[in-house]
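Asks: One structure coming up, written as structure tokens, with questions to follow.
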Amino acid sequence: MKNLIANSIAEQLHRLATDTGNPITSAIGMRVARIMLEEKHSRIEWDESPWDVSSRAVRTADPFDLAQYETVEQFLEAEATGNTVATYCSGHGFAAETYSAEFEQHAGDLLYRYIVDNFPDARDQDEQDRMDDEIYEFLADELLEYEFLQPVQNMPIQACLERYSAAAKA
């Protein structure tokens, strides 16, 4: 029964993702635009020793140089959030977190909340503000958040700013 529910939800979400004006993709686009407009560039510094190579983000007062990127994806992959995270990879202790990692998590969080809010059958029976674990596992295997993130990632920087800046400022 839960597989039928999860399949139905997945089908509806696949259809929703084809409309680039859907609320999830729009929220992602607005957040990207807000970051481009309001945040500052973080410089990535490397620390190398014979046993470890790590990077860390150092915040600056400089705005992003958006002219060096064609697409939002290039921006997200190259720019650091200012946070440094553990890699849990031998020989690479820490890494400067990029916006692409943050946005993958953000897209997943938005999608999760959308499902809980809009699909009552997906909710956990005991905790109505959570998704049922079996349905969550099935939907997580679908990697649906990428369908909602991809249209924003593929946008040219200027197109993203033109489309989402006004809403981001509001």
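The values are calculated or read from the model by the stated rules, or taken from the named source; none is laboratory data. Quick caveat, the model's predicted, so the values are computed rather than measured. Glycine gets a Cβ as well: all are built from the backbone with ideal geometry, and neighbour counts include every protein chain shown. Heavy atoms of the whole protein, side chains included, go into the accessibility calculation; ligands, DNA and RNA do not. Shrake-Rupley method; radii C 1.70, N 1.55, O 1.52, S 1.80 Å.
Asks: Is there any pair linking a residue in the stretch 58-70 that is touching a residue at least 40 places away in the same chain (Cβ under 8 Å) to one that is small (Gly, Ala, Ser) and open to solvent by less than 40 Å² (accessible area, probe 1.4 Å), with Cβ under 6 Å and at least six apart or on different chains, and which?
Replies: Listed pairs, sorted by first residue: none to list.
Asks: Next question, about the same structure. From the residues in the stretch 65-77 that are hydrophobic (A, V, I, L, M, F, W, C) and open to solvent by less than 50 Å² (accessible area, probe 1.4 Å), which one is nearest to the chain's Cα centre (by Cα)?
Replies: That would be Leu76.
Asks: Leu161 passes all but one of (1) within 17 Å of Gly21 (Cα to Cα); (2) at pLDDT below 95; which number fails?
Replies: (2)
Asks: Can you name every residue in the stretch 145-170 that is open to solvent by 60 Å² or more (accessible area, probe 1.4 Å), closer than 30 Å to Asn7 by Cα and in contact (Cβ under 8 Å) with a residue 12 or more places away in the chain? Full working, then the answer.
Replies: Initial filter on the stretch 145-170 (open to solvent by 60 Å² or more (accessible area, probe 1.4 Å)): 146-147, 150, 154, 156, 158, 162-163, 166, 169-170.
Still in the list and also closer than 30 Å to Asn7 by Cα: 146-147, 150, 154.
Within the stretch 145-170, Tyr146, Glu147, Asn154 qualify.
Asks: Based on what the data block shows, is Phe94 surrounded by 15 or more Cβ atoms within 10 Å (Cβ to Cβ) and at pLDDT below 95? Give the steps one after another, and end with the answer.
Replies: Values: surrounded by 15 or more Cβ atoms within 10 Å (Cβ to Cβ): yes; at pLDDT below 95: yes.
When the stated conditions are applied, Phe94 passes them.
Asks: Next question. Of the numbered conditions (1) open to solvent by 40 Å² or more (accessible area, probe 1.4 Å); (2) at pLDDT 95 or above, Tyr112 satisfies every one except a single condition; which is it?
Replies: Tyr112 satisfies all of (1) open to solvent by 40 Å² or more (accessible area, probe 1.4 Å); (2) at pLDDT 95 or above except (2).
Asks: Moving on to the next point. Out of Asn3, Asn7, Asn83, report the one residue that is touching a helix residue (DSSP H, G or I) at 6+ places or on another chain (Cβ under 9 Å), of a type in the set (S, T, N, Q) and surrounded by 15 or more Cβ atoms within 10 Å (Cβ to Cβ). First the steps, then the outcome.
Replies: Numbers: Asn3 fails: surrounded by 15 or more Cβ atoms within 10 Å (Cβ to Cβ); Asn7 fails: surrounded by 15 or more Cβ atoms within 10 Å (Cβ to Cβ).
Within the list Asn3, Asn7, Asn83, the selection yields Asn83.
Asks: If you scan the stretch 112-144, which residues turn out to be part of a helix (DSSP H, G or I) and in contact (Cβ under 8 Å) with a residue 60 or more places away in the chain? Spell out how you get there, then give the answer.
Replies: To start, the set of residues in the stretch 112-144 that are part of a helix (DSSP H, G or I) comprises 112-118, 120-122, 133-142.
Matches in the stretch 112-144: Tyr114, Ile115, Asp121, Ala122, Glu134, Ile135, Phe138, Leu139, Glu142.
Asks: Oh, and also: Identify the single condition in (1) without any contact (Cβ under 8 Å) to a residue 24 or more places away in the chain; (2) among the aliphatic types (A, V, I, L, M); (3) surrounded by fewer than 17 Cβ atoms within 10 Å (Cβ to Cβ) that Val53 does not satisfy, given that it satisfies every other one.
Replies: Result: Val53 fails condition (1) only.
Asks: Going by the conditions given, is Ala96 within 30 Å of Asp47 (Cα to Cα) and of a type in the set (Gly, Ala, Ser)? First the steps, then the outcome.
Replies: On the way: within 30 Å of Asp47 (Cα to Cα): yes; of a type in the set (Gly, Ala, Ser): yes.
Yes; evaluated as a whole, the condition is true for this residue.
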